[in-house]
Amino acid sequence: SMQVRGHALVWHEQNPDWLFRDANGNPMTPTPANKVLLLQRLDTHIRAVMTHFGNSVQSWDVVNEVIDQSQPDGFRRSMWFQICGTDYIDKAFQVAREVSPTAKLYINDFETTDQRKRVFLLSLVQNLKSRGIPVDGVGHQMHSNIESPTADAIIATINAFSAIPGIDNQITELDVS
């Protein structure tokens with residue numbers, strides 16, 4: 001049977017306008033009520049998508065591109081982050097595991113070979129695992145060219161994440177120019 005990977009349940013791009021509007025239809029601001037509402041919407045979305053596809057999808061990129069190495073704390077300043085902090089990451093993995101106990105759940109990003117980005121992502125994955133958040137692996141989008149990333153950078157990245165117990169590595173995109 002064909003292996004199918006779901007990409008992606010949560011991303012900062014390609015969201016409908018209403019998603020980040022409050023109960024009155026206004027653009028969301030970081031309030032406790034908006035956080036509750038947005039996390040409810042996240043829960044509903046993940047349940048609907050994963051239930052629709054059932055067991056035909058063996059692995060999911062649960063959250064995609066949450067790291068921004070230019071930020072002091074390493075987190076992308078998406079609307080998800082602005083409204084929910086990092087709680088949306090936890091919630092996404094928890095709901096995904098509840099809906100599909102057997103699917104492999106990944107955090108996915110690009111430029112994971114960038115040393116600063118890798119440090120932030122490693123820290124996040126270690127933190128998630130230490131708190132029992134059900135992340136099974138890291139997806140690496142490899143947009144490579146003849147100069148970059150180096151073979152050493154790729155090896156260092158895969159080895160760094162492989163050192164975390166229970167973490168699988170997958171190359172989720174690969175293009176070389």
statement: A correct Karplus calculation of ³J(HN,Hα) over the stretch 146-151, with 6.51 cos²θ - 1.76 cosθ + 1.60, θ = phi - 60°, whole Hz and x for Gly and Pro, returns 5, 9, 8, x, 6, 4
message: Can you compute 3J(HN,Hα) from phi for each residue in the stretch 25-36, using the Karplus curve 6.51 cos²θ - 1.76 cosθ + 1.60 with θ = phi - 60°, rounded to whole Hz and x for Gly and Pro?
response: x, 8, x, 5, 10, x, 10, x, 5, 5, 4, 4
task: Could you pull out the GluC sites (Glu not before Pro) across the stretch 73-174 that fall in loop regions by DSSP (anything but H, G, I, E, B) with no more than 12 other Cβ atoms inside 10 Å?
output: 147
- line: Tilt, helix 87-99 to longest principal axis of the chain (alpha-carbon atoms), in degrees rounded to tens, equals 90
Two-site FRET efficiency, residue 36 against residue 123, from Cβ-Cβ distance with R₀ of 35 Å, rounded to 0.05: 0.80
- line: Whole-percent carbon and sulfur contribution to the accessible surface of the stretch 1-103 (1.4 Å, no ligands, DNA or RNA) stands at 54
message: Whole-Hz ³J(HN,Hα) for each residue in the stretch 42-48, computed from phi via Karplus 6.51 cos²θ - 1.76 cosθ + 1.60 with θ = phi - 60°, x for glycine and proline: what do you get?
response: 4, 4, 4, 4, 4, 4, 5
field: Label selected from [x] 15.9; [y] 16.9; [z] 16.5, the criterion being Kirkwood radius over Cα pairs in Å as computed here
entry: [y]
message: Please report the antiparallel percentage of the DSSP beta bridges confined to the chain, to the nearest 5.
response: 10
Contour excess over end-to-end distance, with Cα ends at residue 17 and residue 145 and 0.36 nm allotted per residue: 42.6 nm
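Ranked highest first by the average count of other Cβ atoms within 10 Å around their residues, in what order do 28-41, 61-74 fall?
On the way: 28-41: 14.5, 61-74: 18.4.
Peptide ranking by packing, descending: 61-74, 28-41.
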- request: Calculate the length of the line joining the C-alpha centroid of the stretch 127-159 to that of the stretch 1-42, in whole Å.
  value: 25
- prompt: Assigning unit charges at the beta carbon (Lys, Arg +1; Asp, Glu -1) and nothing else, what dipole magnitude in debye, to the nearest 20, does the stretch 1-116 show about its Cα centre?
  reply: 300
task: Under a cut-off of 22 Å between alpha-carbon atoms, report the lysines in cross-link reach of residue 91, not counting same-chain residues fewer than 8 places apart.
output: 35, 104, 129
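The values are calculated or read from the model by the stated rules, or taken from the named source; none is laboratory data. Note that the structure is a prediction, hence the values are computed from the model and not measured. Positions of Cβ are generated from backbone atoms using ideal geometry, with glycine treated the same way; all protein chains shown enter the neighbour counts. Protein only, heavy atoms only, side chains kept; ligands, DNA and RNA dropped before computing areas. Shrake-Rupley method; radii C 1.70, N 1.55, O 1.52, S 1.80 Å.
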